[in-house]
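See below for the structure under consideration.
The values are calculated or read from the model by the stated rules, or taken from the named source; none is laboratory data. No experiment lies behind these values; they were computed from the predicted model shown. FYI the Cβ positions are ideal-geometry reconstructions off the backbone, even for glycines, and counts take in every protein chain you see. The accessibility values were calculated without ligands, DNA or RNA, using every heavy atom of the protein model including side chains. Shrake-Rupley method; radii C 1.70, N 1.55, O 1.52, S 1.80 Å.
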Amino acid sequence: MTTNRANRAVRTPGGLSVRLDVRALTVVVLLLLAALAASVVLIGTGDFPIPAADVLKTLVGNGDAGQEFIVNELRLPRVLVGLLVGASLGLGGALFQSVSRNPLGSPDVLGLGQGATAGALVVIVLFSGDASAVTLGALVGGLATGLAIYVLAWKQGVHGYRLVLVGIGVSAIVTAVNGYLLTKADIVDAARAVVWMTGSLSGRDWAQVWPLLALCAVLVPLVLANARGLRMLEMGDDVSYSLGVRVERVRMLLLVAAVLLTAAATAAAGPVSFVALTAPQLARRLTRSPGPNLLPSLCMGAALLVTADWVSQRVFGADQLPVGVVTGVLGGVYLLWLLVTERRAGRI
């Protein structure tokens, strides 16, 4: 095997040239290690603290009966849901920002979270549905909102700023609908709805893990397989056509994947805000690499969410906050910084 520009390309004996960004690969590995380390610490956190070494022993089947129950039945599902939700939001956010070519083109701004919330509120307020029905309602609401945005933004194709502007408008409408539904709910359903709308990992079990894991197992390889087409789309439609990319097919496929990832994550944990907005931007700043940075964004989202969940449980003493509150505060600060930076650069 020989290399040209060791940090960029690898040429195999058969003549196949593979681009390798060593910095981006290093960032992915470090983020994975950070997410796993945070997960082990989070599993050991709670009213019955467990040292990290004992957590690792229990995960490989060498813990005592009490630790086996606490780790495998109570805490591990919550952490896995956090990892999967964070990864889904990070990847979905990277797809939306890349397709729209706008750092503000995330599910939070486009209204997909609000759409999923509307679906959940319809089930809670109008039908008093159980947890499974609320999850299904959130998934349907997110998909319906994504379809509406795509249809309304279509004009001989879907383009970045039109997608963002339509998304902002749809978000405002759906937010108003959500407010109306809350005013029509009785006090019990309204309290239940507000708790869900905050975004939380509390009470998550294996029933939330398996569907989200199955969806990620299908969509993540599909998205990564189309990474080259997405990278070409960032250069503009005309250039993409000239390079042989089927622009609208690739764009629609990736937008559907992003909507599914975001809707499924919201259905599993509620509308956890700002992870989809911040993870791709932080990943890009770490890799210093152009392009969508799909894998770094996925790993960054997972690491951010499990770290925020640990913060929500430990930093505020006896008052454990929903993870959505922590991500909302941190994401709001980041959004203000991003807006100021973009304005100074003359891009908005």
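Of all the residues that make up region 199-216, how many are crowded, with 18+ Cβ neighbours inside 10 Å and either among the β-branched types (Val, Ile, Thr) or not in a loop (DSSP other than H, G, I, E, B) (or both)?
To start, the set of residues in region 199-216 that are crowded, with 18+ Cβ neighbours inside 10 Å comprises 199-201, 204, 208-209, 212, 215-216.
Filter again for either among the β-branched types (Val, Ile, Thr) or not in a loop (DSSP other than H, G, I, E, B) (or both), leaving 208-209, 212, 215-216.
So the count comes out to 5.
For residue 52, which of the numbered conditions (1) at pLDDT 80 or above; (2) within 24 Å of the chain's Cα centre (by Cα); (3) within 29 Å of residue 282 (Cα to Cα) fails to hold?
Of (1) at pLDDT 80 or above; (2) within 24 Å of the chain's Cα centre (by Cα); (3) within 29 Å of residue 282 (Cα to Cα), only one is false for residue 52: (2).
Based on what the data block shows, is residue 100 within 15 Å of residue 208 (Cβ to Cβ) and either out of contact with any Pro (no Cβ under 8 Å at 6 or more places or on another chain) or open to solvent by 10 Å² or more (accessible area, probe 1.4 Å) (or both)?
Numbers: within 15 Å of residue 208 (Cβ to Cβ): no; either out of contact with any Pro (no Cβ under 8 Å at 6 or more places or on another chain) or open to solvent by 10 Å² or more (accessible area, probe 1.4 Å) (or both): yes.
Considered against the rule, which asks whether it is within 15 Å of residue 208 (Cβ to Cβ) and either out of contact with any Pro (no Cβ under 8 Å at 6 or more places or on another chain) or open to solvent by 10 Å² or more (accessible area, probe 1.4 Å) (or both), residue 100 comes out as no.
For region 334-343, does any single residue satisfy the condition of being of a type in the set (A, V, I, L, M) and under 25 Å from residue 120 (Cβ atoms)?
Here is the first cut: in region 334-343, the ones of a type in the set (A, V, I, L, M) are 335-336, 338-340.
If we keep only those that are under 25 Å from residue 120 (Cβ atoms) too, we end up with 335.
Checking region 334-343: at least one residue is of a type in the set (A, V, I, L, M) and under 25 Å from residue 120 (Cβ atoms).
Determine whether region 68-85 contains at least one residue that is in a helix (DSSP H, G or I), among the β-branched types (Val, Ile, Thr) and open to solvent by 10 Å² or more (accessible area, probe 1.4 Å). So that I can check it myself, show each step before the final result.
Just the residues of region 68-85 that are in a helix (DSSP H, G or I), to begin with: 68-85.
Cutting the leftovers down to among the β-branched types (Val, Ile, Thr) gives us 70-71, 79, 81, 85.
Retained after the next criterion (residues that are open to solvent by 10 Å² or more (accessible area, probe 1.4 Å)): 70.
Looking for residues that are in a helix (DSSP H, G or I), among the β-branched types (Val, Ile, Thr) and open to solvent by 10 Å² or more (accessible area, probe 1.4 Å), one finds at least one in region 68-85, hence yes.
What tally of residues in region 289-310 results from selecting those that are open to solvent by 60 Å² or more (accessible area, probe 1.4 Å) and not in a helix (DSSP H, G or I)? Break it down into steps so the answer makes sense when it comes.
Initially, region 289-310 is screened for residues open to solvent by 60 Å² or more (accessible area, probe 1.4 Å), giving 290, 295, 307, 310.
Filter again for not in a helix (DSSP H, G or I), leaving 290.
The qualifying residues number 1.
Going by the structure shown, is residue 98 among the hydroxyl-bearing types (Ser, Thr, Tyr), in a helix (DSSP H, G or I), more than 21 Å from residue 306 (Cβ to Cβ) and touching a helix residue (DSSP H, G or I) at 6+ places or on another chain (Cβ under 6 Å)?
Values: among the hydroxyl-bearing types (Ser, Thr, Tyr): yes; in a helix (DSSP H, G or I): yes; more than 21 Å from residue 306 (Cβ to Cβ): yes; touching a helix residue (DSSP H, G or I) at 6+ places or on another chain (Cβ under 6 Å): yes.
Criteria met by residue 98.
Let me spell it out: the conditions are (1) at pLDDT 75 or above; (2) over 18 Å from residue 291 (Cα atoms); (3) open to solvent by less than 70 Å² (accessible area, probe 1.4 Å), and residue 248 meets all of them except one. Which number is the exception?
Answer for residue 248: the failing condition is (1).
Could you please give the count of residues in region 311-342 that are open to solvent by 50 Å² or more (accessible area, probe 1.4 Å) and part of a helix (DSSP H, G or I)?
Residues flagged as open to solvent by 50 Å² or more (accessible area, probe 1.4 Å) and part of a helix (DSSP H, G or I) within region 311-342 amount to 9.
For residue 166, indicate whether it is more than 23 Å from the chain's Cα centre (by Cα), part of a helix (DSSP H, G or I) and within 17 Å of residue 118 (Cβ to Cβ).
Working: more than 23 Å from the chain's Cα centre (by Cα): no; part of a helix (DSSP H, G or I): yes; within 17 Å of residue 118 (Cβ to Cβ): yes.
No: the conditions fail for residue 166.
Residue 302: touching a residue at least 60 places away in the same chain (Cβ under 8 Å) and either among the aliphatic types (A, V, I, L, M) or closer than 14 Å to residue 272 by Cβ (or both), yes or no? It would help to see each step written out before you state the result.
Values: touching a residue at least 60 places away in the same chain (Cβ under 8 Å): yes; either among the aliphatic types (A, V, I, L, M) or closer than 14 Å to residue 272 by Cβ (or both): yes.
Here the answer is yes, as residue 302 does meet what is asked.
Please go through region 178-198 and pick out each residue that is open to solvent by 70 Å² or more (accessible area, probe 1.4 Å) and over 23 Å from residue 321 (Cα atoms).
The initial filter retains those residues of region 178-198 that are open to solvent by 70 Å² or more (accessible area, probe 1.4 Å), namely 180, 183-184, 186-188, 192, 194-195.
180, 183, 184, 186 - these are the residues of region 178-198 that are open to solvent by 70 Å² or more (accessible area, probe 1.4 Å) and over 23 Å from residue 321 (Cα atoms).
Scan region 125-148 and report the pairs whose first residue is at pLDDT below 90 and whose second residue is part of a helix (DSSP H, G or I) and aromatic (Phe, Trp, Tyr), with Cβ atoms within less than 8 Å and a gap of 6+ or a chain change.
Here the result reads 133/127; 134/196, each pair linking region 125-148 to a residue that is part of a helix (DSSP H, G or I) and aromatic (Phe, Trp, Tyr).
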